[in-house]
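**Q** There's a structure below that I have some questions on.
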Amino acid sequence: MGNSQQRVKKLRQAIGGNDRRALERLIEKGIDINMAIDDIGNTPLTLAIQLNQYDTVRYLVMAKCDVERRSRLQFSALEIVLLNLAHTENSAYLEMLRVLLQAGAESVSDAVMETVFPMIQHNRELVVKLSQIVAQYAQTPYDITGTLSHVIVQHNQPECFWTLLESGADLRDIWPNSCDQRYFLPSSDLNEGPINTYFTTICCTRNIEFAQIYIQAANSMNVLKSIIYFILVYPITSASKIKELLKALVMAGYKLSDFLLIHLAREDKDIVSWYNDFQSTPLSLKHLSRLCIRKNLQTNVIYGVNKLPLPLPMMQYIRLEDIIDPKNWARQWAKRTPRSRHTKKRL
């Protein structure tokens with residue numbers, strides 16, 4: 001027992017003193033680098049994170065420590081990184097986040113993300129960088145990517161949502177179903193889950209920006225069908241907003257059903273007339289090319305089109321920016337988001 005306590009003490013001292021050589025010697029002797037080294041169950045990894053020791057964190061990850069091991073307080077390494085990032089706004093924690101994600105860490109609870117995001121949302125650069133790292137480096141992304149995207153929607157920050165997709169987040173990691181399957185939620189499920197978060201937020205705030213971004217990113221008719229479903233389930237009171245969404249859906253390749261046209265005719269005959277005129281006119285070769293490209297882009301259209309060697313106007317056309325003006329929500333986001341007193345901190 002005494003020898004075991006002594007080894008724990010030496011390991012704790014090596015981490016606390018940021019003594020890399022001592023840590024290497026202990027690991028060479030076969031010490032368990034996943035053991036609890038204090039009363040609250042910190043492992044060497046979680047203690048190094050709290051002490052802001054990036055090199056030690058990277059070394060422990062390279063030594064194959066358990067990146068999902070939780071302390072007795074039930075915080076994962078990723079959650080400790082995010083909480084420290086929120087409290088300090090120190091970019092070193094972003095690098096630790098990247099290292100952990102690359103090592104396969106994935107566990108972040110909704111509660112932790114909902115605590116972290118309001119604390120950092122005033123710092124636009126930090127939030128954008130966080131979104132980029134999560135999208136680019138998450139190995140098993142649904143947990144953290146999905147959790148982050150839900151919180152971004154709840155806090156009404158479309159620019160961050162765009163950044164998440166532009167950085168390579170797969171729609172299947174955000175949308176809670178396979179894009180390869182037709183999906184309609186039964187009524188019993190409407191009061192919970194990610195879809196409810198997205199679309200009740202849209203309808204309660206009369207804010208369609210997230211739905212528009214989804215349509216721009218959607219490379220699957222099944223995602224578009226789900227958006228139509230929720231337009232019907234959660235009616236948006238503004239006829240102009242419904243018209244904007246439906247026009248974007250049609251330009252993305254969705255064909256309105258007879259049932260939907262009958263439903264729309266009761267509310268707004270103009271949109272039905274516009275749709276009938278659109279369908280009766282031969283589609284241009286330019287538009288047909290857009291639909292073909294969108295259908296064949298993997299991950300999501302916003303990310304995929306950036307990988308193509310195309311001029312900017314053509315990229316904007318494929319992203320439906322002739323229908324949806326991203327500058328509009330970007331301007332609104334800038335007005336809604338106060339600049340931080342700490343904006344002098346640069347990443």
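The values are calculated or read from the model by the stated rules, or taken from the named source; none is laboratory data. If you're wondering where the values come from, they're calculated on a predicted model, not measured in any experiment. Note that we place each Cβ from the backbone using ideal geometry, even for glycine, and neighbour counts take in every protein chain shown.
**Q** Being exposed (fewer than 12 other Cβ atoms within 10 Å of the Cβ), farther than 22 Å from residue 158 by Cα, at pLDDT 85 or above and among the acidic types (Asp, Glu), is that true of even one residue in the stretch 269-288?
**A** There is at least one residue in the stretch 269-288 that is exposed (fewer than 12 other Cβ atoms within 10 Å of the Cβ), farther than 22 Å from residue 158 by Cα, at pLDDT 85 or above and among the acidic types (Asp, Glu).
**Q** Which condition does residue 320 not pass, out of (1) of a type outside the set (Val, Ile, Thr); (2) within 20 Å of residue 246 (Cβ to Cβ); (3) assigned to a helix (DSSP H, G or I); (4) at pLDDT 90 or above, if it passes all the others?
**A** With (1) of a type outside the set (Val, Ile, Thr); (2) within 20 Å of residue 246 (Cβ to Cβ); (3) assigned to a helix (DSSP H, G or I); (4) at pLDDT 90 or above applied to residue 320, the lone miss is (3).
**Q** Quick one: is residue 62 under 21 Å from residue 14 (Cα atoms) and modelled with pLDDT of 90 or more?
**A** yes
**Q** Right, here's the next one. For the stretch 15-53, name all the residues that are assigned to a helix (DSSP H, G or I), without any contact (Cβ under 8 Å) to a residue 40 or more places away in the chain and buried (at least 17 other Cβ atoms within 10 Å of the Cβ).
**A** 23, 26, 27, 44, 45, 46, 47, 48
**Q** If you take the residues in the stretch 323-343 that are buried (at least 18 other Cβ atoms within 10 Å of the Cβ) and within 20 Å of the chain's Cα centre (by Cα), which one is modelled with the lowest pLDDT?
**A** Per the stated criteria, the residue is 337.
**Q** Follow-up question, since we're still on this one. For the stretch 266-304, what are the residues that are among the polar types (S, T, N, Q), closer than 18 Å to residue 250 by Cβ and within 34 Å of the chain's Cα centre (by Cα)?
**A** 289
**Q** I would also like to ask the following. Determine whether the stretch 75-87 contains at least one residue that is outside any helix (DSSP H, G or I) and either over 22 Å from residue 8 (Cβ atoms) or at pLDDT 90 or above (or both).
**A** No, the stretch 75-87 contains no residue that is outside any helix (DSSP H, G or I) and either over 22 Å from residue 8 (Cβ atoms) or at pLDDT 90 or above (or both).
**Q** Would the stretch 1-14 turn up any residue that is assigned to a helix (DSSP H, G or I) and closer than 30 Å to residue 126 by Cβ?
**A** Checked against the condition, which is being assigned to a helix (DSSP H, G or I) and closer than 30 Å to residue 126 by Cβ, the stretch 1-14 yields no hits at all.
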